[in-house]
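Student: Can you read through this structure? Questions will come right after.
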Amino acid sequence: MSLVTTTDQLAAICDRLAKHPFVTVDTEFLRETTFWPKVCVIQLASPDEAVAIDTLSEGMDLSPFFDLMSNESVVKVFHAARQDVEIVWRLARIIPKPLFDTQVAAMVCGFGEQVSYVELVKSVTRVNLDKSSRFTDWSRRPLSDAQVSYAIADVTHLREIYKHLLSRLDRSKRLDWLADEMETLTSPATYEQHPDDAWERLRHRARKPRDLAVLMELAAWREIEAQGRDIPRSRVLKDDVLLEIAQAAPRSLEALANLRAFPRGMERSRSGADIVAAIERGLARDPSSLPRIERERRNNNGATVELLKVLLRQVAEETGVAAKMIATVDDLEAIANDDNADVSALRGWRRIIFGEKAIELKRGRLALAVENGKVVTFDWRDADVPAAG
């Protein structure tokens with residue numbers, strides 16, 4: 001049975017899957033016309049079987065699937081888990097645990113940054129996946145045999161990838177290196193979308209405190225509208241329009257309508273009055289209560305940051321761990337300014353392979369050089385210094 005269309009079938013399959021140490025999971029969903037993802041198909045596989053669940057089948061109750069996702073004796077394996085986990089959280093307010101993300105694991109195992117599922121399948125199993133059904137309409141029924149086969153292939157190959165990566169991580173003693181990333185992926189806070197935080201997506205485009213104050217109120221209003229009507233944010237107002245309104249801060253419907261980018265006639269709707277009210281709330285905010293505006297990067301330690309970037313690339317190549325897993329640009333800037341910066345790159349395994357070297361480089365006790373076309377590090381006190389003269 002490859003396509004599950006009834007709750008009884010789903011319950012029986014989930015009972016069988018729960019007897020295995022791990023299951024692989026994937027989803028097919030649509031989000032182009034909605035705010036919340038609309039899940040259409042869920043794929044599951046154990047070492048013994050693989051199925052596709054028709055979530056839109058009449059009378060389908062996904063409770064057995066959610067029970068499996070909350071069963072902590074079964075590892076849930078995803079590739080690029082964030083959106084799939086968001087769907088489960090949105091539908092059932094549970095987080096699949098324990099969780100293993102093969103994309104994150106691949107970055108630790110030397111497959112590069114954000115390696116795609118197709119690339120990973122080819123590298124591990126030598127199979128070229130047929131992705132012709134990738135952009136089909138998963139909400140249309142009936143599902144074709146090609147769609148079902150495509151969907152199931154995503155979780156069958158994932159079994160082999162999981163076993164391969166788990167073995168490599170075990171041999172290299174790097175399994176615990178995934179802990180921070182898995183903790184983030186299994187935190188409900190990762191998937192909560194609070195209207196008051198919506199401005200964060202646009203924070204780098206605000207140049208003045210007043211603009212930021214108005215933008216914070218406008219972004220919160222748009223988020224509430226988009227979530228309540230279940231439509232994309234851009235269907236309410238596009239980012240560029242929101243920013244133009246924040247900068248102009250019109251205080252009347254007439255002034256709002258005169259903005260070049262503002263949708264014609266929208267000022268006559270309820271939204272027009274709501275936007276003006278949001279602007280007034282923004283203008284009334286106490287400037288001292290606003291978050292600090294982050295200017296364009298002007299780091300006084302620019303040269304140090306550039307050296308740290310070279311060191312990061314060298315460590316990434318040497319260890320086979322993707323650079324973005326080790327440190328971000330923000331981490332490097334923080335380290336350049338403070339040896340005791342509170343950043344991930346100075347904690348745990350990251351400190352061992354990179355953080356300590358970064359501090360040594362800053363203090364002049366570590367040097368970078370090119371040897372046989374590759375960047376290498378060495379203690380400068382051990383270097384052979386040519387005699388003067």
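Throughout, read-outs are computed from the coordinates displayed, never taken from laboratory work. Just so we're clear, the structure is a prediction, and the values are computed from it rather than from any experiment. Glycine gets a Cβ as well: all are built from the backbone with ideal geometry, and neighbour counts include every protein chain shown.
Student: So if we plug the beta-carbon distance of Arg270 and Glu318 into 1/(1 + (r/R0)^6) with R0 = 56 Å, what FRET efficiency do we get, rounded to 0.05?
Tutor: 0.40
Student: Next question, about the same structure. Hey, got the dipole for the range 302-382? About the Cα centre, +1 on K and R Cβ, -1 on D and E Cβ, debye to the nearest 20?
Tutor: So the dipole magnitude of the range 302-382 works out to roughly 120 debye.
Student: Restricting attention to the range 265-371, which GluC sites (Glu not before Pro) occupy a DSSP loop and are surrounded by at most 11 other Cβ atoms within 10 Å?
Tutor: Those that pass, being in a loop and sparsely packed, are Glu294, Glu296.
Student: Based on the inverse mean of 1/r over its pairs of different Cα atoms, what is the Kirkwood hydrodynamic radius of the range 194-259, in Å? Provide the component values of the computation, followed by the final result.
Tutor: Working: mean 1/r = 0.0832 Å⁻¹.
It works out to 12.0 Å.
Student: Can I ask one more? What 222 nm value per residue comes from the helices of the chain, counting each DSSP H run with n ≥ 4 as -39,500 (n - 2.57) and dividing by all residues, nearest 500 deg cm²/dmol? Mind dumping the intermediate values first?
Tutor: Numbers: 16 runs with 171 residues, N = 389.
Calculated mean residue ellipticity at 222 nm is -13000 deg cm²/dmol.
Student: Something else about it: Going by how many other Cβ atoms sit within 10 Å of their own, how do Val376, Val118, Val74 line up, fewest first?
Tutor: Exposure proxy ranking, most exposed first: Val376, Val118, Val74.
Student: Using a 10 Å cut-off around each Cβ, can you sort Lys38, Lys208 from fewest to most neighbouring Cβ atoms? Let's see the in-between values first.
Tutor: On the way: Lys38 16, Lys208 12.
Ascending number of Cβ neighbours within 10 Å: Lys208, Lys38.
Student: Can you compute the charge dipole magnitude of the range 239-314 about its Cα centre, using +1 on each Lys and Arg Cβ and -1 on each Asp and Glu Cβ, nothing else charged? Give it in debye, rounded to the nearest 20. Don't skip to the answer; put the middle values down first.
Tutor: Working: 13 positive and 11 negative charges, 45 e Å.
For this selection, approximately 220 debye.
Student: Label points 7 Å out from Cα along the Cβ direction at Arg126 and Arg347: separation in nm?
Tutor: Going from the Arg126 label point to the Arg347 one covers 4.3 nm.
Student: Something else now. What relative contact order, as a whole-number percentage, does the chain give when Cα pairs under 8 Å and 6 or more residues apart are counted?
Tutor: 13
Student: Also, I was wondering about something else. Please compute the modelled spin-label separation between Glu280 and Trp36, points set 7 Å along Cα→Cβ, answer in nm with one decimal.
Tutor: Computed distance between label sites Trp36 and Glu280 equals 3.2 nm.
Student: Mean separation of Cα pairs under 8 Å and 6+ residues apart, divided by the residue count of the range 302-382: what relative contact order is that in percent?
Tutor: Result for the range 302-382 is 23 percent.
Student: If you don't mind, another one. Could you list the GluC sites (Glu not before Pro) in the range 1-96 that lie in coil according to DSSP, counting only those with at most 12 other Cβ atoms within 10 Å of their Cβ?
Tutor: Working: sites: Glu28, Glu32, Glu49, Glu58, Glu72, Glu86; in loops: Glu32, Glu49, Glu58, Glu72.
Those satisfying the criteria are Glu32, Glu58, Glu72.
Student: Dipole magnitude of the range 3-190 about its Cα centre, charges +1 at Lys/Arg Cβ and -1 at Asp/Glu Cβ only, in debye to the nearest 20? Numbers along the way, then the final one.
Tutor: Working: 21 positive and 27 negative charges, 81 e Å.
My answer is approximately 400 debye.
Student: If I model a spin label as a point 7 Å beyond the Cα along the Cα-Cβ vector, how far apart are those points for Ala303 and Ile231 in nm?
Tutor: Inter-label distance under the simple model: 5.5 nm.
Student: Additional query: Of the options Gly112, Val310, Leu185, report the single residue whose Cα projects farthest towards the positive end of the charge dipole of the chain (beta-carbon charges: Lys, Arg +1; Asp, Glu -1).
Tutor: Val310
Student: Suppose R0 equals 25 Å; then what is the FRET efficiency for Arg140 and Arg205 from their Cβ-Cβ distance, rounded to the nearest 0.05?
Tutor: 0.05
Student: Find the Cα radius of gyration of the chain, compare it with 2.2 N^0.38 Å by division, and give the number to two decimals.
Tutor: 1.21
Student: Show which lysines lie in cross-link reach of Lys122 when reach means a straight Cα distance below 24 angstrom and same-chain residues fewer than eight apart are skipped.
Tutor: Lys76, Lys131, Lys163, Lys324
Student: Tell me, how many Å apart are the Cα centres for the range 238-285 and for the range 134-188?
Tutor: 44
Student: Are there any chymotrypsin sites (Phe, Trp or Tyr not before Pro) in the range 95-156 that are in a DSSP loop and have at most 11 other Cβ atoms within 10 Å? List them by number. The partial results should precede the final answer.
Tutor: Working: sites: Phe100, Phe111, Tyr117, Phe135, Trp138, Tyr150; in loops: Phe111, Phe135, Trp138.
Here the chymotrypsin sites (Phe, Trp or Tyr not before Pro) that fit, given the DSSP loop and packing criteria, are Phe135.
Student: Report the FRET efficiency, 1/(1 + (r/R0)^6), for Ile224 and Ala367, where r is their Cβ-Cβ distance and R0 is 51 Å, rounded to 0.05.
Tutor: With R0 = 51 Å, the Cβ-Cβ based efficiency is 0.40.
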